[in-house]
Amino acid sequence: MMQFTAARKECMLSMDCLTSKDLTAALHFQKSDDDGGKDTFSCVKVLHKPTPINGVQRDCLPAEFFVIGQVVEEEVQFLQEMQQGGKTITRASFWLEQRHDPTSQVQWERTLIALHHIVGRTTVDVDTSTLFSVNAKTGAMRLRVHASESHTSRELSGYTMFDGEGDSFRLTCESSLPSSVAVRAVFNIEYKKRARDGSHFMHAPLTYLSFV
């Protein structure tokens with residue numbers, strides 16, 4: 001079950017409830033503390049006043065956004081990487097889309113507006129095709145998320161997902177991802193610089209996935 005820590009209570013935001021005024025006042029991008037020299041900039045939420053988080057006074061925190069939608073079956077990527085020391089890393093990438101009901105449609109239309117506002121908070125031109133796409137005919141939006149999880153042994157490989165009761169289970173391959181059912185995804189938003197040409201691209205690291 002997701003732990004609602006002090007940090008999460010301060011920084012978790014529903015995408016469909018954000019307005020332009022909210023974003024202008026509370027969100028901006030700053031260089032990540034642990035980007036490993038990769039020029040990663042994270043979307044952060046400015047706190048109203050310095051707040052003690054885990055014993056440290058913080059004036060901003062990485063923003064965590066959440067949406068409710070469903071997994072798109074196409075273009076799912078899922079792989080396991082073996083690292084030195086026997087560690088395994090599971091990496092997954094997939095698209096999310098709106099559910100087939102009017103409420104979900106409205107929520108995702110608002111989410112698209114919020115994403116455009118968030119992109120506007122950057123100080124450089126960024127490629128957003130790595131974060132979302134919009135169907136030219138229907139106007140429907142899809143959101144791409146990237147998941148990763150480290151393991152101490154191959155027996156523990158997979159990506160952790162939660163059911164409606166908060167119990168965890170592991171996704172181990174493309175076909176194990178649920179489709180056509182409602183899921184809740186929590187994610188950060190970042191942009192990075194490409195090594196090959198210096199351009200920037202935006203993406204959404206997944207931090208939590210569950211059934212609704």
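The values are calculated or read from the model by the stated rules, or taken from the named source; none is laboratory data. Not measured: the values here are computed from a predicted model. All Cβ positions, glycine included, derive from the backbone under ideal geometry; neighbour counts span all protein chains shown.
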Could you list, in sequence order, all residues of the range 152-181 that are at pLDDT below 85 and acidic (Asp, Glu)? Glu155, Glu165, Glu174
Do you know which residues across the range 133-172 are without any contact (Cβ under 8 Å) to a residue 60 or more places away in the chain, of a type in the set (Lys, Arg) and in contact with a Ser or Thr (Cβ under 7 Å, 6 or more places away or on another chain)? Arg170
Using the structure shown, decide if Thr122 is in contact with a strand residue (DSSP E or B) (Cβ under 8 Å, 6 or more places away or on another chain), surrounded by 13 or more Cβ atoms within 10 Å (Cβ to Cβ), polar (S, T, N, Q) and over 23 Å from Glu73 (Cα atoms). yes
Mind checking which residues of the range 128-177 are in a loop (DSSP other than H, G, I, E, B), surrounded by 14 or more Cβ atoms within 10 Å (Cβ to Cβ) and not polar (S, T, N, Q)? Leu131, Ala140, Gly158, Leu177
In this structure, is Cys60 buried (at least 16 other Cβ atoms within 10 Å of the Cβ) and farther than 27 Å from Val212 by Cβ? yes
Residues Arg99, Arg144, Arg110, Arg121: which one is among the charged types (D, E, K, R), within 18 Å of Val186 (Cα to Cα) and touching a His at 6+ places or on another chain (Cβ under 8 Å)? Arg144
Inspect all residues belonging to the range 179-188 and state whether any of them is out of contact with any strand residue (DSSP E or B) (no Cβ under 8 Å at 6 or more places or on another chain) and either surrounded by 12 or more Cβ atoms within 10 Å (Cβ to Cβ) or farther than 22 Å from Glu75 by Cβ (or both). no
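Here's the yes/no breakdown for (1) more than 25 Å from Tyr191 (Cβ to Cβ); (2) at pLDDT 95 or above; (3) in a helix (DSSP H, G or I); (4) of a type in the set (Val, Ile, Thr):
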position: Gln3; (1), (2), (3), (4): yes, no, no, no
position: Ala7; (1), (2), (3), (4): no, no, yes, no
position: Leu23; (1), (2), (3), (4): no, no, yes, no
position: Phe29; (1), (2), (3), (4): no, yes, no, no
position: Phe65; (1), (2), (3), (4): no, yes, no, no
position: Glu73; (1), (2), (3), (4): yes, no, no, no
position: Arg91; (1), (2), (3), (4): no, no, no, no
position: Trp95; (1), (2), (3), (4): no, yes, no, no
position: Val106; (1), (2), (3), (4): yes, yes, yes, yes
Among the residues in the range 75-82, are any more than 28 Å from Phe211 (Cα to Cα) and assigned to a helix (DSSP H, G or I)? no
Filter the range 78-100 down to residues that are charged (D, E, K, R), touching a residue at least 60 places away in the same chain (Cβ under 8 Å) and touching a helix residue (DSSP H, G or I) at 6+ places or on another chain (Cβ under 9 Å), then give me how many there are. 1
